[in-house]
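The values are calculated or read from the model by the stated rules, or taken from the named source; none is laboratory data. Everything numeric in this text was worked out from a predicted model, so none of it was measured. Methodologically, a virtual Cβ is constructed for each residue, glycine included, from the backbone with ideal geometry; neighbour enumeration extends over all protein chains shown.
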Amino acid sequence: MVKFCPQCKNAFWGGQYCPKCEGEVLLLDMANQENRKYLPELNVDVRPKYFARSSMLLTCFGFIMALPVGAFVFLRGLSSSGNVTLWASIGVATVVGISWGAWVASKKIFDKQMASVKEAKELQLD
Ligand SMILES: [Zn+2]
């Protein structure tokens with residue numbers, strides 16, 4: 001959970017009160033819709049973290065889906081003709097292709113999203 005302080009504009013991992021500000025300044029939850037309006041004012045840009053997470057999910061999904069699709073292609077081809085070597089290589093090529101495609105696509109999407117992020121702010125990437 002990412003929280004931020006409306007006073008010093010810093011972002012923190014959880015907690016109730018801001019550890020940097022004097023007194024008890026209540027931290028706001030970034031996930032709440034009504035707190036989104038503060039995001040452009042923050043010192044730290046948290047968008048890369050969310051962009052990285054969606055790219056990671058896409059890559060993960062591609063790697064997981066590649067194997068069953070490759071196996072399906074292999075078995076389907078094998079049932080129509082008996083050429084094991086041919087369909088095994090097509091199956092492996094499918095697995096590699098989908099994995100690689102998902103990887104490249106997620107990198108492209110991430111770079112495209114990051115284009116809107118200005119370097120002026122400190123990026124929160126952890
Ligand atoms: Zn603060």
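Kindly check whether there is at least one residue in segment 43-57 that is within 16 Å of the ligand (Cβ to nearest atom), buried (at least 17 other Cβ atoms within 10 Å of the Cβ) and modelled with pLDDT of 90 or more.
Checked against the condition, which is being within 16 Å of the ligand (Cβ to nearest atom), buried (at least 17 other Cβ atoms within 10 Å of the Cβ) and modelled with pLDDT of 90 or more, segment 43-57 yields no hits at all.
Which one is nearest to residue 122 (Cα to Cα), of the residues in segment 1-30 that are assigned to a loop (DSSP other than H, G, I, E, B) and away from the ligand (no atom under 11 Å from the Cβ)?
Residue satisfying both the conditions and the ranking: 30.
So, of the residues in segment 61-102 that are among the aromatic types (Phe, Trp, Tyr) and either at pLDDT 95 or above or surrounded by fewer than 18 Cβ atoms within 10 Å (Cβ to Cβ) (or both), which turns out to be nearest to the chain's Cα centre (by Cα)?
That would be 61.
When you check residue 112 against the structure, is it within 16 Å of the ligand (Cβ to nearest atom) and among the charged types (D, E, K, R), yes or no?
Answer is no for this residue.
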